[in-house]
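Following: one structure in structure tokens, then a few remarks.
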């Protein structure tokens, strides 16, 4: 049994490396694939092995998915806020530092998760019933707060409502397979890639230096904000990071630490929420729920052990990969890389969602470009998930 757990942990790290580095390949897709073939897999392996694989893949992904976000400007929904500060550092030759900062946050989050699991179980079990009846109103309050925190409040509100309408239309179009994929890929990936292509960005030689940053304040912000995603559907790491940054008031480098910590904490809390309230907030947690209907205390302990081991390995793996890419990226044709990445995303969308998916990708990409041109935070585009979620609860 123990050797099998080690093997599936290593396979999960390998899969998480793949999903983290390849734009558009999210762990949700791998999770959906595993669910579709789980009946076949369970005839040849134990459910626990699949759970270990999914946990290792998910945690590894939270470390590595900042690499395409910062080096390519092609984030997923958990790392879209890393594009601006990370890409700015990349253009100044400090892309390696940007990745290291997110790694510091993610690794610290793994140890924080170990320390707060038991208190979190007690707090969530005592407060969830009260909070669950107020979910749509809490989402409205948080959305209003996030907009009020913007300097350009009216443009931010317009972006929130515009993307919310787009999200509502796309998510309610039943013939479309995996509607979130082309929607979010266009808003947060395709839009940034086209802007990079249009601006013909030149990446300078990168400096391989370790950053100096105080991590206590961003970690406190992440710790206070990340649990929100355990309770509230439609909220992602981006919104949690904005709230956490409002609490901790960090600088640009501290914000990258906060993003890394929030990204990993949100994933970890999704496993805790699955154990306590049987609610899923991430694709990885959904896959685990489909394989094992109820988490036992022993299995939760195993998940935490795998999280700790995977986090430590992923930290060093991400550092080495970031170092390698930092040394090579200045030699690449960045415009050609952006065009190739966009083309790959289009192929993946077509394979998953068909021609309708390509139409959604085009619409969401141009919407994203327009919203970025208004010079407001890209997290306002998460109205594409928040507004449909609020309407789902209210109507």
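The values are calculated or read from the model by the stated rules, or taken from the named source; none is laboratory data. It should be emphasised that the depicted structure is a prediction, and the values quoted were computed from it without experimental measurement. Cβ placement follows ideal geometry from the backbone for every residue including glycine, while neighbour counts extend to all protein chains displayed.
Residue by residue, here is whether (1) within 18 Å of the chain's Cα centre (by Cα); (2) at pLDDT below 75; (3) under 19 Å from residue 269 (Cα atoms) holds:
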residue: 10; (1), (2), (3): no, no, no
residue: 46; (1), (2), (3): no, no, no
residue: 64; (1), (2), (3): yes, no, yes
residue: 68; (1), (2), (3): yes, no, no
residue: 77; (1), (2), (3): yes, yes, yes
residue: 86; (1), (2), (3): yes, yes, no
residue: 91; (1), (2), (3): no, yes, no
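Please verify whether residue 82 is modelled with pLDDT under 85, touching a helix residue (DSSP H, G or I) at 6+ places or on another chain (Cβ under 8 Å), crowded, with 16+ Cβ neighbours inside 10 Å and part of a helix (DSSP H, G or I), treating the condition exactly as stated. Step through it out loud before you land on a result.
Numbers: modelled with pLDDT under 85: yes; touching a helix residue (DSSP H, G or I) at 6+ places or on another chain (Cβ under 8 Å): yes; crowded, with 16+ Cβ neighbours inside 10 Å: yes; part of a helix (DSSP H, G or I): yes.
Considered against the rule, which asks whether it is modelled with pLDDT under 85, touching a helix residue (DSSP H, G or I) at 6+ places or on another chain (Cβ under 8 Å), crowded, with 16+ Cβ neighbours inside 10 Å and part of a helix (DSSP H, G or I), residue 82 comes out as yes.
Check 363, 359, 284 and return the single one that is under 19 Å from the mean Cα position of the chain (by Cα) and part of a helix (DSSP H, G or I).
On the way: 363 fails: under 19 Å from the mean Cα position of the chain (by Cα); 359 fails: under 19 Å from the mean Cα position of the chain (by Cα).
Going through 363, 359, 284 in turn, just one is under 19 Å from the mean Cα position of the chain (by Cα) and part of a helix (DSSP H, G or I): 284.
Conditions tested, residue by residue: (1) surrounded by 24 or more Cβ atoms within 10 Å (Cβ to Cβ); (2) assigned to a helix (DSSP H, G or I); (3) modelled with pLDDT of 75 or more.
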position: 186; (1), (2), (3): yes, yes, yes
position: 190; (1), (2), (3): yes, yes, yes
position: 205; (1), (2), (3): no, no, yes
position: 208; (1), (2), (3): no, no, yes
position: 223; (1), (2), (3): no, yes, yes
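Residue-by-condition table, conditions (1) within 23 Å of residue 245 (Cα to Cα); (2) crowded, with 19+ Cβ neighbours inside 10 Å; (3) at pLDDT below 80:
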residue	(1), (2), (3)
117	yes, yes, no
125	no, no, yes
144	yes, no, no
155	yes, no, no
167	no, yes, no
172	no, no, no
178	no, no, yes
181	no, yes, yes
202	no, no, yes
field: Failed item in (1) under 22 Å from residue 197 (Cα atoms); (2) crowded, with 16+ Cβ neighbours inside 10 Å, with residue 387 passing the rest
entry: (1)
- prompt: Inside segment 143-160, can you point out the residues that are in contact with a helix residue (DSSP H, G or I) (Cβ under 7 Å, 6 or more places away or on another chain) and either part of a helix (DSSP H, G or I) or within 14 Å of residue 228 (Cβ to Cβ) (or both)?
  reply: 143, 146, 147, 153, 156, 157, 159, 160
- request: Give me a count of the residues in segment 296-317 that are over 20 Å from the mean Cα position of the chain (by Cα), touching a residue at least 24 places away in the same chain (Cβ under 8 Å) and farther than 19 Å from residue 15 by Cβ.
  value: 2
message: What are the pairs with Cβ atoms under 6 angstrom where one residue, in segment 277-294, is farther than 22 Å from residue 129 by Cβ and the other, located anywhere, is surrounded by fewer than 16 Cβ atoms within 10 Å (Cβ to Cβ) and modelled with pLDDT of 75 or more? Sequence gap at least six, or different chains.
response: 291/47; 292/47
message: Quick test for you: out of 390, 319, pick the one residue that is in a helix (DSSP H, G or I) and under 30 Å from residue 107 (Cβ atoms).
response: 319
